[in-house]
Amino acid sequence: MDPIIIALARAAGLDKALAAFPEDVEAAAKQALNNAGAIQVPTDPAAEPWPPMRAGSGL
Amino acid sequence: MTAPHWLSAAEIAQAYAARTLSPVELVTALLARIETLDPKLNAFIRLDADAAMQAARQAEAEITAGRPRGKLHGVPVGIKDIIDVAGLPTTAHSKILVGNIAKADAVVIQKLRQAGAIVMGKLSTHEFAIGGPSFDLPFPPARNPWNRDHHPGGSSSGSGAGVAAGLFPLALGTDTGGSVRNPASACGIVGLKPTYGLVSRRGVFPLSFTLDHVGPMTRTVADNALLLDTIAGHDPADPGSAPTNARHFGRQLDRGVRNLRIGFVRHFHERDLPAHPEVAAALEDVARVLQAEGAQVDTITLPTLTEFAGINRVILCSEAWSIHAKWLRERPGDYGQLARRRLLPGAFMTAGDYVGAQRRRSEVIAAVEDRLRDYDVLLCASSMDPSSRMDDADETARTYPRQARTPFNVTGHPALAMMSGLSRGGLPVSVQFVGRYFDDATVLRVAAAYERATGWHKQKPPIG
């Protein structure tokens, strides 16, 4: 397994999963990379995330 | 005369009013059917027969005394097992939550009880509403009543299988990436993901806070509107709940589609994820039927399914990780493999990935809103394939993501899936209708017109 994946999994506290299910951890890391790479993040620095912050509502 | 187990909720209400059927007679008949069929379908995790009979007796007494509560009074409903029913376990079909007894009813259950509906029990789901058809969980997976060798879709799998098989006329499901509409598609019933915020999620085990919806699953469009009428409404204690007065969702069911403008998103099933030929042919038939009924149908374009799916997955996995991190760290072996694999990616997503997905989400919402300024309803595929065999894990893994449902979890628009035909193999194929925010009524109106014109809802699975 890629040592970077191992390091990231340990940093996330996944030592037990890494020991018992290394193939699941590796598949998950690759899937995360693929999903994030499929998104065209806006180039406009002012493009805000959804849902927007709305002060004073919702609670 | 229609057998009691195939009556719609609307027909049940009429039969009660005419004194040709009573709640006790109906629940007795359904319990007998469940006893016969559910061992083959596994729709139930927990059948609550005693409580259902007690509720039936109460409903019968009230109706007989001339105190009907409404159209769902004495009507049985099944509940996906991530929704709390007081005193029953909410297991999410997982070893992690076996023994997790709900202390209170979810808001949607409170509303059903106020309406006099009869809760039959808790239904199978994919583990935590994200796994898949799995054989490594504490309960077996639900099966498709059209062919028990095939999966019934999910994650609201027991809801879809049970409604389609006539175990109960109504069910609640939840939908974060298509989990009401997938089983509706696979089982040939009607499943609506309402507008985000229209139905309270309080008391429902979360998967992804900004994508989760509770939705009605039924055999007819009219029943879907009835169930939505009962469960919709503002809940100040649900942060995502919308302060809307939208109601009476069935008010337009008889209006037809004449002069409605419908945008057909062909590229979803033609280019983005080319559909099975029978699914594609059925979608063309849907367009022809709606045109023949008087609608204007034009081809339109939205962002690609690949991009919608990427946004959905990054948001879903990031939010789900924040819920499951402790258990995934301490008890990874207590998850089934599919759920473990689908939840773990959140550990590898960065804050930048999540915020980037939410920023792009604003843009794709704007793109869909732009099209809905010109069109009353969108028409597109739901599943790209009939459901696969349960023993073919590779085919299930290949076909499960081939769908066009996630876009409308990302955007929050109301989206309904229903049967659009039967494949040569005897399995349902489906269509999806999408509407403007809080205009769920027009989505149901189009679905009702299509249902009347085609009668697919009269087809019943060959299960007895």
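The values are calculated or read from the model by the stated rules, or taken from the named source; none is laboratory data. These figures come from a predicted structure and were not determined experimentally. Methodologically, a virtual Cβ is constructed for each residue, glycine included, from the backbone with ideal geometry; neighbour enumeration extends over all protein chains shown.
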Scan of the stretch B:410-421 for residues that are touching a residue at least 60 places away in the same chain (Cβ under 8 Å) and either touching a helix residue (DSSP H, G or I) at 6+ places or on another chain (Cβ under 6 Å) or surrounded by fewer than 22 Cβ atoms within 10 Å (Cβ to Cβ) (or both), ordered by number: B:V410, B:P414, B:A415, B:L416, B:A417, B:M418, B:M419, B:S420, B:G421
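Of everything in the stretch A:34-59, what is within 7 Å of chain B (Cβ to nearest Cβ) and in a helix (DSSP H, G or I)? Give them in sequence order. Lay out the reasoning, then the answer.
Of all residues in the stretch A:34-59, those within 7 Å of chain B (Cβ to nearest Cβ) come to A:35-36, A:38-42, A:47-51, A:58-59.
Result: A:N35, A:A36.
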Close pairs from the stretch B:226-240: first of a type in the set (D, E), partner outside any loop (DSSP other than H, G, I, E, B) and crowded, with 20+ Cβ neighbours inside 10 Å, Cβ under 6 Å, at least 6 apart: B:D235/B:V107
Per-region count, the stretch B:360-383, residues part of a loop (DSSP other than H, G, I, E, B) and out of contact with any Ser or Thr (no Cβ under 7 Å at 6 or more places or on another chain): 2
Within the stretch B:440-463, tally of residues that are touching a residue at least 40 places away in the same chain (Cβ under 8 Å) and outside any helix (DSSP H, G or I): 5
Filter result (over 18 Å from B:I365 (Cα atoms) and not in a strand (DSSP E or B)) within the stretch B:404-439: B:S423, B:R424, B:G425, B:G426, B:L427
Which numbered condition B:P386 misses (of (1) assigned to a loop (DSSP other than H, G, I, E, B); (2) surrounded by fewer than 24 Cβ atoms within 10 Å (Cβ to Cβ)): (2)
Test: residue in the stretch B:87-109 that is surrounded by fewer than 18 Cβ atoms within 10 Å (Cβ to Cβ), of a type outside the set (S, T, Y) and within 22 Å of the chain's Cα centre (by Cα): yes
Any hit, the stretch A:4-19, residues being among the aliphatic types (A, V, I, L, M), outside any helix (DSSP H, G or I) and either more than 7 Å from chain B (Cβ to nearest Cβ) or more than 18 Å from the chain's Cα centre (by Cα) (or both): no
Tabulated pairs, the stretch B:345-364, first more than 7 Å from chain A (Cβ to nearest Cβ), second buried (at least 17 other Cβ atoms within 10 Å of the Cβ) and part of a helix (DSSP H, G or I), C-beta under 6 angstrom, 6+ apart or interchain: B:G346/B:C317; B:G346/B:S318; B:G346/B:A320; B:G346/B:W321; B:Y354/B:S318
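Which residue is nearest to the other protein chains (Cβ to nearest Cβ), if the candidates are limited to the stretch B:297-312 and must be assigned to a helix (DSSP H, G or I) and without any contact (Cβ under 8 Å) to a residue 60 or more places away in the chain?
Restricting attention to the stretch B:297-312, the residues satisfying the condition of being assigned to a helix (DSSP H, G or I) are B:305-312.
Okay, now just the ones that are also without any contact (Cβ under 8 Å) to a residue 60 or more places away in the chain, so B:306-307, B:310.
Numbers: B:T306: 6, B:E307: 6, B:G310: 3 Å.
Here the residue is B:G310.
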Test for B:I109: is it aliphatic (A, V, I, L, M) and in contact (Cβ under 8 Å) with a residue 24 or more places away in the chain: yes
Only listed residue being without any contact (Cβ under 8 Å) to a residue 12 or more places away in the chain, closer than 30 Å to B:G197 by Cβ and among the small types (G, A, S), chosen from A:G13, A:G56: A:G56
Conditions (1) assigned to a loop (DSSP other than H, G, I, E, B); (2) closer than 30 Å to B:I34 by Cβ; number of the one not met by B:P401: (2)
Qualifying residue in the stretch B:87-97 (condition: touching a Gly at 6+ places or on another chain (Cβ under 6 Å) and either closer than 22 Å to B:L26 by Cβ or small (G, A, S) (or both)): no
Of residues in the stretch B:185-236 being in a strand (DSSP E or B) and not β-branched (V, I, T), the one surrounded by the most Cβ atoms within 10 Å (Cβ to Cβ): B:G191
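Scan the stretch B:366-386 and give yes if some residue there is at negative phi, at pLDDT 95 or above and at the interface with chain A (Cβ under 7 Å from one of its Cβ atoms), otherwise no.
no
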Odd one out for A:E26, checked against (1) free of Cβ contacts under 8 Å to residues at least 12 places away in the same chain; (2) among the charged types (D, E, K, R); (3) farther than 30 Å from B:G240 by Cβ: (1)
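Determine which member of the set B:I34, B:I45 is part of a helix (DSSP H, G or I) and under 23 Å from the mean Cα position of the chain (by Cα).
Numbers: B:I45 fails: part of a helix (DSSP H, G or I).
On inspection, the qualifying residue turns out to be B:I34.
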Subset of the stretch B:333-344 (residues that are within 7 Å of another protein chain (Cβ to nearest Cβ) and either buried (at least 23 other Cβ atoms within 10 Å of the Cβ) or among the hydrophobic types (A, V, I, L, M, F, W, C) (or both)): B:R340, B:L344
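Against the condition more than 8 Å from every other protein chain (Cβ to nearest Cβ), in contact with a Gly (Cβ under 7 Å, 6 or more places away or on another chain) and at pLDDT 95 or above, how does B:W321 come out, does it pass?
On the way: more than 8 Å from every other protein chain (Cβ to nearest Cβ): yes; in contact with a Gly (Cβ under 7 Å, 6 or more places away or on another chain): yes; at pLDDT 95 or above: yes.
Here the answer is yes, as B:W321 does meet what is asked.
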